[in-house]
Amino acid sequence: MDFKLGRINLNAVAQGVGGLVFGNESSASSDDSYVERLLDRISNGVLAEDRRSAMTELQSIVAESRSAQLAFGAMGFPVLMGVLREERDDVEMVRGAVETLVSALTPIGSAQGPKNEVQATLMNSDLLSREVENISLLLSLLSEEDFYVRYYTLQLLTALLTHSQNRLQEAILTIPRGITRLMDMLMDREVIRNEALLLLTYLTREAEEIQKILVFEGALEKIFSIIKEEGGSDGGVVVQDCLELLNNLLRYSASNQILLRETMGFEHITSILKLRGSSYSFTQQKTVNLLSALETVGLLLKGGRETDPGKDSNRLANQTVLAQQKVLDQLLMLGIESQWVAVAVRCAALRCIGDLVARHPQNRDVLGSKMLGEEPNAELALNSILLTILRTSSTQEFLAADYVFKRFCEENNAGQARLVSTLVSQTNAVTHSPLENASIKFGRELLQGLTVNESDGDLESCCRAASVLSHLLKDNIQCKEQVLQVKLEGPTQSLGTPEPLMHRIVVYLALAASMKNKDNDHKGLASTRKSYTQPIILRLLVTWLAECPNAVESFLDSRHHLTYLLELMSSSSETVFTKGLAAILLGECVLYNRSAESGKDAFMVVDAISQKIGLTSYFLKFEEMQKRFPFVAKNAEDRKPLTRSNTASMEDVEDAEDEDSDQKHDENFVLMSIFDTRFVDLLKNLEANIRESIVELYSHPKSKVVVVPAELEQKNRESNEDYIKRLKSFVEKQCSEMQDLLGRNASLAEDLAKNGKTGASSSDQKQNGGRERVQNETLRRGLQEAMQQLEILKSENAKLKEEASTYQNLANSKESDLQSLSDAYNSLERNNNQLENELEFLRKGSSQPYIDIEAIKIEAKEEAQKESDAELSDLLVCLGQEQTKVEKLSTRLTELGEDVDSLLEGIGDEIPEDSDGDEEEEE
């Protein structure tokens, strides 16, 4: 009774919802009543046949009417889940109940209802998956013996997954042996197995726990067993489902990849890529199977999620094992040698080759020396890939082959140098082995691609060859220097003498712009190609000039190059990326410019930018391009895994062969190839350094004098008048420099005024103007301080001269005292001699007793010597003190530029008159 009451209430709700949604109240009410009667017969019927007949009718109307589906969702689930729970012995009733549930979750036809129409299938899926007990009950049906019960149950679970994926994944994880029961279905009959494969494929999407459980339950072994049974790549859609399930298990799980590598190995994967038979017939399904297998190889070569700590080590191990399994031979066969293979397969194979050699030295060496074909027509694999780039009509194939060179050249200076040497030494190459001949052919083909007749098709070839050359020069200064030496003959006799390769590249850049302007009114493939020709050539030039002053000098050898870049940036018809790359290229001509020649130095480039377009507008080109980087990165993430839903038909694969189908799509892929992560990082670093360099040059114009501290000091033997004149000249030159700077600031102010209404960039412009004013004020203060320092030095010089004169007079006085003392000593000596003579005379002529005159003389002499020594000692002490002062003064005068010898000249030459006569008179 309770069940009936609940059913009646649900019926009332369904009637109200049906009338509101479908608008035809009578029709909806009729379906509701019919569904209600059928459910009543199923739940309350006495005769088994009547109940079975009611179940059949219910299934039929639910499969045909959306209003019946809605009504069933409101009333029928309790009834049918009761049948599945309580009447398992009645196989026909259980089968009918499961089939009815499948119909309730299956959209009806392709007719579109009103936009506000409730989706009955979504609502029914939500109602059924709400209770974990319902999912557990459905999984238990997989153990039933009846084939159709298991078949419809798998279909029902698959339908639930398409509408309520997360809820069903969580429910299955909580149910004991839930995944094991699903795995058992892989060993069932073929139809059941196929449905189980499809179910597991949906179940394992973005469910890491379920992926790990399936692998430990032996899913990998069963997958490869089924693929082998179905005939490998020649099999049907079952092989596709197996590979899709395999890819789900390996995509973001490094642990599952390691388990596969260390248990089963990769032989089963590489065997799928082998082409069998002589006809090499390719059906649409075989193409999809090969694409799925190549996706598996690509996942292994990625190594796992970017955030996984062991991603790099796992990637290297996978690369090594795959190379040992000779996967390179299979990839070259699919990507290069088998031209009858679909373009999508060739592109996928080429990208796998790029990932196989990325940052793996051994694999790079194998690819670098790999020969294709048989003697004497054997050709280097890299040559064949280059020819694919130059000759293919598919943009996707060009990008895929270009990707091989990009990964081959990363961190591979030796490989870059080897390929560049074939480009440089074309005229004097003497070879003796097939490998050397093949290498020389690479340089010849690349040079021919770069030197073409100026037609649209050939310009496309030049663009592609320029892309390859940019990889050869990336982060390799030696290769950049070598390619600078390449000279090209003109395509016609009228072009005169050979010109550098770089100059020819710039000519093609200008030619691409002129062709695009002519074809603005024509929409077509050629126009699309030319839209990415300029960015590719500009990427080559940006890569070439980075950290290479000689390349900058070669680029600026022609003044037309600078003029053209300025015009390119000012053109309204160019894209944001073209203008931005042109701005970066101009910035490199400043940043890496080491030329001192007038007209080619960095100051000239900055001056040209300021006068032609203005620094504010110039810096704005960087910002506009950087705003588009997220757009490119978003497109790069648009590559979706290959699934049955997006390969139900071969339209996607066929579209890859028809470039006219989506020109914008091709252009986006080219932009993704150009602005990859490494190149974007390079541009961001260059942009920051260029800003700093230009601001530095702009705020400090090229000096006409060398400003050093020595300029503020007086030189030796320089007169005061000359010193003052030189300082005045220095100040005048500084004032002239300041006037130049003020003039440039005025120009910048005009730029700021013109761009004052640009919203987001106005604050940056004001900041730049403020920075210039601060630097101008700093220079003005520096000049004022120099003038003040000059006055201080003049005052100090006068004081020092006055002090030097005082010490000079003191020295003269002391010298006079020393001379007087010397005269006194000489007078004493003369008196002593006179007394000795008188004593000798008296000794000879006197009769008086002998007096010891000798003793008296010695005593008197000692007495006089003592007095003289005492006075002399005092005088020497005074002289030593005065001499120290004189030396200090002489040193200071020398520092001030005075000639000390000339100042002391004549001092001490005057000898005072002899005073002997006066002394004698005194005696």
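The values are calculated or read from the model by the stated rules, or taken from the named source; none is laboratory data. Predicted model, so just to flag it, every value in this text is computed and none were measured. Virtual Cβ from ideal backbone geometry, glycine too; neighbours counted across all protein chains shown. Heavy atoms of the whole protein, side chains included, go into the accessibility calculation; ligands, DNA and RNA do not. Shrake-Rupley method; radii C 1.70, N 1.55, O 1.52, S 1.80 Å.
Only four residue types carry charge here, +1 at the Cβ of Lys and Arg and -1 at the Cβ of Asp and Glu. Report the dipole size of region 52-208 about the Cα centre in Debye, rounded to the nearest 20.
360 debye
Working out 0.36 nm times the residue gap between Glu597 and His503, then minus their Cα-Cα distance, what length gain in nm do you get to one decimal?
This chain segment gains 31.9 nm when fully extended.
Calculate the FRET efficiency for Ser281 and Leu137 from the Cβ-Cβ distance with a Förster distance of 51 Å, rounded to the nearest 0.05. Intermediate results must be reported in sequence, preceding the final value.
On the way: r = 48 Å, r/R0 = 0.93.
So, using R0 = 51 Å, E works out to roughly 0.60.
Which whole-number percent gives the relative contact order of region 165-219, counting Cα pairs below 8 Å spaced six or more residues apart?
36 percent
Whenever you get a sec, line up Val132, Val605, Val46 from highest to lowest accessible area (probe 1.4 Å, protein heavy atoms).
Sorted by accessible area, descending: Val46, Val132, Val605.
Stretch Lys888-Glu481 to full length: gain in nm at 0.36 nm per residue minus the Cα-Cα span? Write down the numbers at each step before the final one.
On the way: separation 407, 0.36 × 407 = 146.52 nm, distance 5.97 nm.
Difference between extended and current length: 140.6 nm.
How far apart, in nanometres, would the label points at Lys640 and Lys844 be if each is projected 7 angstrom from Cα along the Cα-to-Cβ direction?
Those two pseudo-labels are separated by 14.7 nm.
Lys/Arg Cβ at +1, Asp/Glu Cβ at -1, dipole of region 199-289 taken about the Cα centre: which of Leu220, Thr283, Thr263 is farthest positive-ward?
Going by the Cα projections, it comes out as Thr283.
Quick check: with the 1.4 Å probe, what order do His561, His268 take by accessible area, largest first?
On the way: His561 15, His268 75 Å².
Largest accessible area first, the residues go His268, His561.
Around Leu488, which amide H atoms from residues at least 5 apart in sequence, or from another chain, sit under 5 Å from its own amide H, with H modelled in the peptide plane?
Under 5 Å from the amide H of Leu488: Glu499, Leu501.
Mind grabbing the accessible area of Asp365 for me, 1.4 Å probe, Å², rounded to tens?
100 Å²
Once you place label points 7 Å from the Cα toward the Cβ at Lys799 and Glu895, how far apart are they in nm?
Distance between label points: 1.3 nm.
Can you sort Asp740, Asp607 by solvent-accessible area, 1.4 Å probe, largest first?
Largest to smallest exposure gives the sequence Asp740, Asp607.
With a Förster radius of 22 Å, plug the Cβ-Cβ distance of Ala688 and Ser573 into 1/(1 + (r/R0)^6) and report the FRET value to the nearest 0.05.
Using R0 = 22 Å, I get an efficiency of 0.15.
Counting only the heavy atoms of the protein chains, how much of Glu802 is accessible to a 1.4 Å probe, in Å² to the nearest 10?
Its accessible surface works out to 130 Å², give or take rounding.
Under 14 Å from the 7 Å Cα→Cβ point of Ile258, by amide nitrogen: which residues of region 294-318?
Hits in region 294-318 for Ile258 at 14 Å: 303-305, 308-318.
For the pair Leu821 and Arg391, how long in nm is the line joining their label points, each one 7 Å along Cα→Cβ?
With each label placed 7 Å out from Cα toward Cβ, I get 11.1 nm.
How long is the gain from Gln881 to Lys311 if the chain were fully straight, where each residue apart is worth 0.36 nm and the alpha carbon distance is subtracted? Kindly include the intermediate steps, with their values, before the conclusion.
Working: separation 570, 0.36 × 570 = 205.20 nm, distance 8.29 nm.
Fully extending the segment from Gln881 to Lys311 adds 196.9 nm.
How would region 312-421 be classified by its alpha-carbon gyration tensor: rounded, prolate or oblate, with rounded meaning a/c under 1.5 and the a/b versus b/c comparison settling the rest?
Because its axes are fairly even, with a/c under 1.5, region 312-421 counts as rounded.
Can you list the residues of region 575-591 with backbone N under 20 Å from a point 7 Å past the Cα of Glu696, pointing along Cα to Cβ?
Flagged as within label range: 584-591.
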